[in-house]
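The values are calculated or read from the model by the stated rules, or taken from the named source; none is laboratory data. Computed from a predicted structure; not experimentally measured. When we count neighbours, we look across all protein chains shown, and the Cβ atoms used for this are built from the backbone with ideal geometry, even at glycine.
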Ligand SMILES: Nc1ncnc2c1ncn2[C@@H]1O[C@H](COP(=O)(O)OP(=O)(O)O)[C@@H](O)[C@H]1O
Ligand SMILES: [Mg+2]
């Protein structure tokens, strides 16, 4: 090895802490950036793989009259259709004998071939008609071999649909049809489905298959624009052709058709028994009506939103740290540089030494960061998501372009800065360089001119104050570094504040009702009231209630089409169940002739009180316009309120309530569970469906909780970053002042005093950095909130006081740890050694 | 018993491939108020000796006593307080704190002890009263060294240790510094130890210790020290 290489490697060895600091910060920057950037692609890849392997339907056909085998045969010949399979589903109450699944509402799906294929996680697929596979997400292996029993709680008619009274569980499986944890609502039992059951077609007595699933086997990546484009085209083709196919039969009449389709709030399609003969309808639906499929993309996007902002910040800080560190190193070794110059080494070869130093640190760090980051982030976040999805182990995506970009940025931060600094130093002549650079001279600081303060200060405090301002560059680096980390921490904790409260606010302060019942079309309001009174009597309570009409409207905004739920009511009690607040002030129910709309709907369309708003009603292009009375705070979904009079005026039809909302007991006591109460009222034939708000609340809490965990990950990274920055800056601080520290030690400063001599200024710098980080954090927080915004969920842009304290706590904690480590380093400073030479 | 006793002191450095005895059974003694000059070639172990005497370094074996106190047995904390109250150091490269003014550098030391010498008095004595508000970078080498001496004596130490105090200074300036040190010894009765490789300086000392390869090769008292003004080299 040449002496040249030896000095380079020795430089690394002698300044391991510095080398590792650069390595770590680059690793963290690259890891964070590439990891977060690739998390969403990795998720999409995971989803894509699973969806392709299990052949999730591309199009779902729903015919209110069902599909015949001949029709299916014909549909399979339509251009682009790879496979098509008819299907039906039946909701029913079952017991799984020998388990704690008792009296649970489940959905029986018929097994489809070539589309929506199941992935078994245990057991086998059914071979006989009385064998079933169960939902892996909700059931465990204990159900294998157990019997699913269609209970007598089901109506005779319902029981008639099932060919067997008992079905044997032979397997548990994941279905691509249910990508996430959510199971839809139902009109049986408590209203929420507990799990799905897949049964061979022969297991049901159904004669009418209302659904047909089409699989196109496209090459396009799931969720990609190409796919969307393709499917839009395919949808047109299929709609046209299938309509023709069905119309052929329509001439034969519709005898015996008892089905009507109904869109529910979350766009899943549910097929309900109706009592009327109705006109046949055909719906062609894409995957965008599948809750799991859509939620998956949404959730992946949340991470992507975060991935856009934070890494930039990380890189900025990494660049800062690298540049200070390398600058320091080059200045430290200026005598050596001079000597090498004097010996005749070229500028190039001298600079190369530092390039090799910082280059090897950042390349190693970058590589390490990329390798670990692109695995760790998707993996950890997938684990977080596992509770909601977990249908397959995560697939890791890699992106060479991204690697090159992050590597280039980190090389720029390290090697680039090194070259610039070294060149600046080299400009001096060798003779000049060999002489040690005069230590940064002391200067009077501004504060000294304010005599009465300065005089009062203790001597050691004066030193610290002067030191803070003496190393201007380091001061700025430290302040910027700490400010950046503080901002990250505040953002992290603030995100929690913004996210956490909304679910409770929404369901405690805005939607204050506990249960809502939707009645059949022609039920009289007095009968609805009677149903409620009857329940009150039965349970011996008196619960708040109001009658209203719920209408799903569409608002065609400039940026998006939004689904808005309108509550129209003339019930005086309604304001105790649906609250409206504007800037914290409770508002009355909107005046006649006006509508109140929720905040996001207003904000996104630039609407305010006094403006007109236009909604689309139904699918046939009908529109209504109303004057906005006021805008109220709202966090989840979009809502609008109006009076019954306004309703009649605007819709031109009589106001007939169809929804009964139930609140808490009037006296505030709590003795009947919402579920019992709902189930009791649900027994009435006149009730179509019901919804217990608590379910909604749980569902949102889970969504929000998931976001929170991502946030925690970010806080963790920010904390790691803060630590490295602090460590590195302190390390520099001590290294460049070893002589000074040795001097005060010789003078007889004891351990504590020596520590204070160095660290008091750190405390000052940390506090200054923290103060500077607060506004930065507030800005970053607002920015991130804007990035992760979802249309149906509004986060509060708020940071609660404790969050600032937590952030400060972290910064202080790290300072203390670094302080302790550095104290040990200071203890090891050898006085005799440090003061020996001129340099 | 003498004021300072060095008994069979061995200091072994093990950083190289072979252990090296920088001090190899060094023994001598110094009386209170003496001006001692330690001479020896480069590498003889002078600095090592001074560092051990000043409580900046530990010895490998032997013992060192100052005024009856066993320095060689002290722990870090005791050593710090020993350096603080009993010893004043003057280095070849002044080692002033760069961001403190001349006055503050002295003040810093004086604040460490309970019975310091008044800073203004010292500055007057070393003749730098008018430069007291200057920072080290604004002072010449000689001036900086005078401040360093002022800083050392501000603590009113029992012992003033100077390691080649004139090494970085020109002839005249160096002479002025030595004169200051000699005055401190004669007028204030301070015990002063000066290290040098300049044998001519032995004439000014009360005691001359010659060091060679970590051992005392000669230890003699000078009954008739001359003023530094009379020495030429
Ligand atoms: N930290 C050390 N590690 C190894 N050897 C050292 C160390 N300090 C001094 N030495 C060696 O000890 C011997 C005496 O050094 P020193 O006391 O500095 O001599 P002087 O001051 O008389 O020139 C020298 O040979 C030197 O190389
Ligand atoms: Mg020496």
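Being surrounded by 20 or more Cβ atoms within 10 Å (Cβ to Cβ) and more than 14 Å from chain A (Cβ to nearest Cβ) is the filter; apply it to the stretch B:108-124 and report the residue that is farthest from the chain's Cα centre (by Cα). The selected residue is B:123. Within the stretch A:505-558, the set of residues being within 35 Å of the chain's Cα centre (by Cα) and outside any strand (DSSP E or B) comprises A:505, A:506, A:507, A:508, A:509, A:510, A:512, A:513, A:514, A:557, A:558.
Yes/no per residue for (1) surrounded by fewer than 20 Cβ atoms within 10 Å (Cβ to Cβ); (2) under 30 Å from residue A:723 (Cβ atoms):
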residue	(1), (2)
A:5	yes, no
A:24	no, yes
A:42	no, yes
A:53	yes, no
A:58	no, no
A:64	no, no
A:76	yes, no
A:106	no, no
A:116	no, no
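In the set (1) within 12 Å of chain A (Cβ to nearest Cβ); (2) away from ligand 2 (no atom under 16 Å from the Cβ); (3) crowded, with 22+ Cβ neighbours inside 10 Å, the condition left unmet by residue B:91 is number (2).
Residue B:85 fails exactly one of the following numbered conditions: (1) more than 16 Å from ligand 1 (Cβ to nearest atom); (2) under 19 Å from the mean Cα position of the chain (by Cα); (3) more than 10 Å from chain A (Cβ to nearest Cβ). What is the number of that condition? In the conditions (1) more than 16 Å from ligand 1 (Cβ to nearest atom); (2) under 19 Å from the mean Cα position of the chain (by Cα); (3) more than 10 Å from chain A (Cβ to nearest Cβ), residue B:85 misses (3) alone. Might you let me know whether the stretch B:51-74 holds any residue that is more than 10 Å from chain A (Cβ to nearest Cβ), modelled with pLDDT of 90 or more, buried (at least 19 other Cβ atoms within 10 Å of the Cβ) and within 16 Å of ligand 2 (Cβ to nearest atom)? Scanning the stretch B:51-74, I find at least one residue that is more than 10 Å from chain A (Cβ to nearest Cβ), modelled with pLDDT of 90 or more, buried (at least 19 other Cβ atoms within 10 Å of the Cβ) and within 16 Å of ligand 2 (Cβ to nearest atom), so the answer is yes. Taking each residue of the stretch B:29-50 that is near ligand 1 (Cβ under 6 Å from one of its atoms) and looking for partners that are part of a helix (DSSP H, G or I) with beta-carbon atoms closer than 6 Å, six or more apart or interchain, yields B:40/B:46.
Each row is one residue, and each column tells you yes or no for (1) touching a strand residue (DSSP E or B) at 6+ places or on another chain (Cβ under 8 Å); (2) loosely packed, with under 14 Cβ neighbours inside 10 Å.
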residue: A:617; (1), (2): yes, no
residue: A:625; (1), (2): yes, yes
residue: A:629; (1), (2): yes, no
residue: A:637; (1), (2): yes, no
residue: A:645; (1), (2): no, no
residue: A:649; (1), (2): no, no
residue: A:654; (1), (2): no, yes
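Just to be sure, is residue A:793 touching a strand residue (DSSP E or B) at 6+ places or on another chain (Cβ under 9 Å) and within 16 Å of ligand 2 (Cβ to nearest atom)? In short, no. Taking the criterion of being away from ligand 2 (no atom under 16 Å from the Cβ) and closer than 21 Å to residue B:205 by Cβ, the residues of the stretch B:10-37 that qualify are B:27, B:28, B:29, B:30, B:31, B:32, B:33, B:34, B:35.
In this structure, does residue B:176 turn out to be within 13 Å of chain A (Cβ to nearest Cβ) and in contact with a helix residue (DSSP H, G or I) (Cβ under 8 Å, 6 or more places away or on another chain)? The answer is no for residue B:176.
Here are some residues: A:752, A:824. Which one is surrounded by fewer than 21 Cβ atoms within 10 Å (Cβ to Cβ), part of a helix (DSSP H, G or I), within 14 Å of chain B (Cβ to nearest Cβ) and within 44 Å of the chain's Cα centre (by Cα)? Of the residues listed, the single one that is surrounded by fewer than 21 Cβ atoms within 10 Å (Cβ to Cβ), part of a helix (DSSP H, G or I), within 14 Å of chain B (Cβ to nearest Cβ) and within 44 Å of the chain's Cα centre (by Cα) is A:824.
Can residue B:34 be described as within 29 Å of residue B:183 (Cα to Cα) and more than 14 Å from every other protein chain (Cβ to nearest Cβ)? Yes; evaluated as a whole, the condition is true for this residue. Considering the stretch B:150-165, the residues that are part of a strand (DSSP E or B) and either over 12 Å from residue B:184 (Cα atoms) or within 12 Å of chain A (Cβ to nearest Cβ) (or both) include one that is nearest to ligand 2 (Cβ to nearest atom), namely B:163. Name the one entry in A:742, A:722, A:679 that is under 30 Å from residue A:14 (Cα atoms), out of contact with any strand residue (DSSP E or B) (no Cβ under 8 Å at 6 or more places or on another chain) and more than 14 Å from every other protein chain (Cβ to nearest Cβ). Being under 30 Å from residue A:14 (Cα atoms), out of contact with any strand residue (DSSP E or B) (no Cβ under 8 Å at 6 or more places or on another chain) and more than 14 Å from every other protein chain (Cβ to nearest Cβ) holds for just one of A:742, A:722, A:679, which is A:722.
With respect to residue A:818, is the statement that it is more than 16 Å from ligand 2 (Cβ to nearest atom), away from chain B (no Cβ under 14 Å) and surrounded by 17 or more Cβ atoms within 10 Å (Cβ to Cβ) true? So residue A:818 passes the test. Taking the condition farther than 21 Å from residue A:752 by Cα and within 16 Å of ligand 1 (Cβ to nearest atom), does residue B:135 pass? So residue B:135 does not fit the description; no. Scanning the stretch A:165-221 for residues that are free of Cβ contacts under 8 Å to residues at least 12 places away in the same chain and surrounded by 19 or more Cβ atoms within 10 Å (Cβ to Cβ) yields a total of 0. In the stretch B:186-196 there is at least one residue that is within 14 Å of another protein chain (Cβ to nearest Cβ) and either under 15 Å from the mean Cα position of the chain (by Cα) or surrounded by 18 or more Cβ atoms within 10 Å (Cβ to Cβ) (or both). Go through (1) within 16 Å of ligand 1 (Cβ to nearest atom); (2) in contact with a strand residue (DSSP E or B) (Cβ under 6 Å, 6 or more places away or on another chain); (3) away from chain A (no Cβ under 14 Å) and name the single condition residue B:17 misses. Against the list (1) within 16 Å of ligand 1 (Cβ to nearest atom); (2) in contact with a strand residue (DSSP E or B) (Cβ under 6 Å, 6 or more places away or on another chain); (3) away from chain A (no Cβ under 14 Å), residue B:17 comes up short only on (2). Considering only the stretch B:151-178, state which residues are within 15 Å of the chain's Cα centre (by Cα) and within 16 Å of ligand 1 (Cβ to nearest atom). Once the filter is applied, which keeps residues that are within 15 Å of the chain's Cα centre (by Cα) and within 16 Å of ligand 1 (Cβ to nearest atom), the stretch B:151-178 yields B:161, B:162, B:163, B:164, B:165, B:166, B:167.
Among the residues of the stretch A:442-471, those identified as in a helix (DSSP H, G or I) and over 15 Å from residue A:757 (Cβ atoms) are A:446, A:447, A:448, A:449, A:451, A:452, A:453, A:454, A:455, A:456, A:469. The helices (runs of 4 or more DSSP H) falling completely within the stretch A:311-428 that include 1 or more residues that are crowded, with 16+ Cβ neighbours inside 10 Å and within 25 Å of the chain's Cα centre (by Cα) map to A:347-386, A:400-411.
Quick one: is residue B:127 more than 8 Å from chain A (Cβ to nearest Cβ), within 16 Å of ligand 1 (Cβ to nearest atom) and out of contact with any strand residue (DSSP E or B) (no Cβ under 7 Å at 6 or more places or on another chain)?
no
For the residues B:99, B:105, B:134, the requirement of being without any contact (Cβ under 8 Å) to a residue 40 or more places away in the chain and buried (at least 23 other Cβ atoms within 10 Å of the Cβ) singles out B:99. From the list A:698, A:735, which one is more than 14 Å from chain B (Cβ to nearest Cβ) and within 38 Å of the chain's Cα centre (by Cα)? Step by step, each of A:698, A:735 is checked, and only A:698 is more than 14 Å from chain B (Cβ to nearest Cβ) and within 38 Å of the chain's Cα centre (by Cα). For the stretch B:3-14, filtered to residues that are surrounded by 14 or more Cβ atoms within 10 Å (Cβ to Cβ) and farther than 17 Å from residue B:161 by Cβ, the residue that is nearest to ligand 1 (Cβ to nearest atom) is B:12. Among residues that are crowded, with 21+ Cβ neighbours inside 10 Å, within 13 Å of chain B (Cβ to nearest Cβ) and within 16 Å of ligand 1 (Cβ to nearest atom), residue A:747 is not included.
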